[in-house]
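For reference, the structure is listed below as structure tokens.
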Amino acid sequence: MRHFILIIFAAILLSGCEDTQTNSPALQTELDNIFFKAIDARAIENEDGSFNILGVTQDETLTLHINKAQLGIYPLGAGQPNYATFEDANGNIYSSNPEGSGEIILTDRCISCGLLTGTFKFTSVLAGIDTIVAQKGLFFEVKFPVASDDNEPTNAGTFVAQINGTPFNAFTVAAANTGNNIIITGSTSSTTILLRMPIEITSGTHILPMAGFQATLTNGAGTQTAQAGTFIIVEHNVASKTIKGTFSFDTGTTIVSLGQFNVSYL
């Protein structure tokens, strides 16, 4: 009940939805009885209406995924569209699907001002190796971008993938024109996926290896470079400096699949 009391107490201190945007978001839990508190927390609304709620420490990332933003209970586990993942300092990703369990409860939301509040608990598994349990989880007024935001977006856009079948949701997304190339990176606390492609790239399918293209995965084990892969560019608008596409690649030891990016580059 403690987390519910925290939510009620915090709500009393706030005067309304308009004032909540000046308050710092929070995401915390107990992971195997060790207190986890994110130093930064944010949410991302995906194109299909689902949401990723992410919290990071110096070298760890916790992700909650719900398939919509209606108040209520979102069960976790095999066959569920919702999931919880935890990425440790070595880039190992524990997932609630398909072997884990748990629930995320969305207790409050403000869609117009971009805020989500709720609780969670889960058991997530590093297949065949280890299990981690989260209890007494709380996320409070975690912000997601909305059209009315006056501030510049924190990220260049959206960037998701799967690493060996486990969801990877980038907390930080960057994209830049280096003169000859567009470089796009999606990062969590301990893992970065980098994509490099020619600045003149056009819509269509591009098969790796190919001159001017590169895909790498960097985590606690070092940097792995794609030996084979595919970039599919859905749209590249040179005038507005936006690019959207999908990707997958194989480093020989790691398979990155179901990759998607939709970014603006500088």
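No lab work stands behind these numbers, since they all come straight from the coordinates. The structure presented is a predicted model; accordingly, all values stated were derived computationally and were not measured. Because the Cβ atoms are built from the backbone with ideal geometry, glycine has one as well, and the counts that use them run over all protein chains shown.
What residue among Lys143, Lys121, Lys241 shows peak mean-square fluctuation when the chain is described by a Gaussian network model with Cα springs under 10 Å? Evaluated over the chain, the most mobile residue of the options is Lys241. Can you classify the range 147-266 as rounded, prolate or oblate using the Cα gyration tensor, where a ≥ b ≥ c are the square roots of its eigenvalues, rounded means a/c under 1.5, and otherwise it's prolate if a/b beats b/c and oblate if not? Oblate.
Distance between the pseudo-spin-label points of Glu99 and Asn180 (7 Å out from Cα toward the beta carbon): 4.5 nm. Rounded to the nearest Hz, the phi-derived 3J(HN,Hα) couplings of the range 132-137 under the Karplus curve 6.51 cos²θ - 1.76 cosθ + 1.60 (θ = phi - 60°) are 10, 10, 10, 10, 6, x, where x marks glycine and proline. Direction-averaged projected area, Cα convex hull, the chain: 14.4 nm², rounded to one decimal.
Relative to the longest principal axis of the Cα atoms of the chain, helix 2-13 runs at roughly 90 degrees. Shape analysis of the range 110-206 places it in the oblate category; the axes a ≥ b ≥ c from the Cα gyration tensor give an a/c of at least 1.5, with a/b not above b/c. List nothing, just return the count: lysine pairs in the chain, 8 or more apart or interchain, with Cα separation under 27 Å. Qualifying lysine pairs in the chain: 12. Distance between the 7 Å Cα→Cβ label points at Thr230 and Ser257: 1.2 nm. Proximity of backbone amide H atoms, modeled 1.01 Å from N, is registered between Phe171 and Ser187, Thr188 at under 5 Å, excluding neighbours fewer than 5 places apart on the same chain. For the chain, a simple Cβ point-charge model (Lys and Arg +1, Asp and Glu -1, everything else neutral) yields a dipole of about 120 debye relative to the Cα centre.
The phi torsions of the range 261-266, fed into the Karplus equation with coefficients 6.51, -1.76 and 1.60 and a -60° offset, translate into couplings of 9, 8, 9, 10, 10, 9 Hz, rounded to whole numbers, with Gly and Pro shown as x.
Note on Ala89 and Leu266: the model spin-label points, each 7 Å out from Cα along the C-beta direction, lie 3.0 nm apart. Summing +1 for each Lys or Arg and -1 for each Asp or Glu among the other residues whose beta-carbon sits under 13 angstrom from that of Ile34 gives -2. The 3J(HN,Hα) values that the Karplus relation (6.51, -1.76, 1.60; θ = phi - 60°) gives for the range 28-38 are, in residue order, 8, 6, 10, 9, 6, 6, 10, 5, 10, 10, 5 Hz. Gly and Pro appear as x. When the chain is treated as a Gaussian network with alpha carbon springs shorter than 10 Å, the biggest mean-square fluctuation among Ser190, Ser95, Ser50 belongs to Ser50.
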